[in-house]
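S.K.: One structure, pasted below without further comment.
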Amino acid sequence: MNTRNMNTDQRRDHVRRALREIVADVFDLRNVEDITDATRFREDMGADSLDYIELIMECEDGFEMDIDDMALEVEKIITFGEAADYLTAKLGE
């Protein structure tokens, strides 16, 4: 989906919906509504470094973008909301 034609709110909503599906798939979660902006990858979902790599790869595929620099920022991206904000900003570039 081309997000460049979306306004910021539409882009943010699109990213959050799509990212919830990706996160649910990577972490084998049944209910995407359980994923909130405050959900922490390590503490709440038990993510390890391999989970982060899989998450990045799935985001690259799902959002059809190269996000190599997310790997460098992974220690700073603690919550679902931070990841969604990061991806929203990248899509707006």
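All of the numbers you see were taken from the coordinates with simple rules; none came from a lab. It should be emphasised that the depicted structure is a prediction, and the values quoted were computed from it without experimental measurement. Note that we place each Cβ from the backbone using ideal geometry, even for glycine, and neighbour counts take in every protein chain shown.
S.K.: For segment 8-91, how big is Rg over Rh, using alpha carbon atoms and the Kirkwood form of Rh? The partial results should precede the final answer.
M.R.: Details: Rg = 11.5 Å, Rh = 12.6 Å.
So for segment 8-91, dividing Rg by the Kirkwood Rh gives 0.91.
S.K.: Same structure again: Under a Cβ-only charge scheme (Lys and Arg +1, Asp and Glu -1), can you give me the dipole magnitude of segment 8-91 about the Cα centre, in debye to the nearest 20?
M.R.: Working: 10 positive and 24 negative charges, 68 e Å.
In total the dipole reaches around 320 debye.
S.K.: To make sure I understand, if each residue's beta carbon is the centre and we count other beta carbons within 10 Å, what order do Asp13, Asp61 fall in, fewest to most? Let's see the in-between values first.
M.R.: Working: Asp13 13, Asp61 10.
Going from sparsest to densest Cβ surroundings: Asp61, Asp13.
S.K.: What percent do you get for the relative contact order of the chain when only Cα pairs under 8 Å and 6+ apart count?
M.R.: Reported as a whole number, the value is 42 percent.
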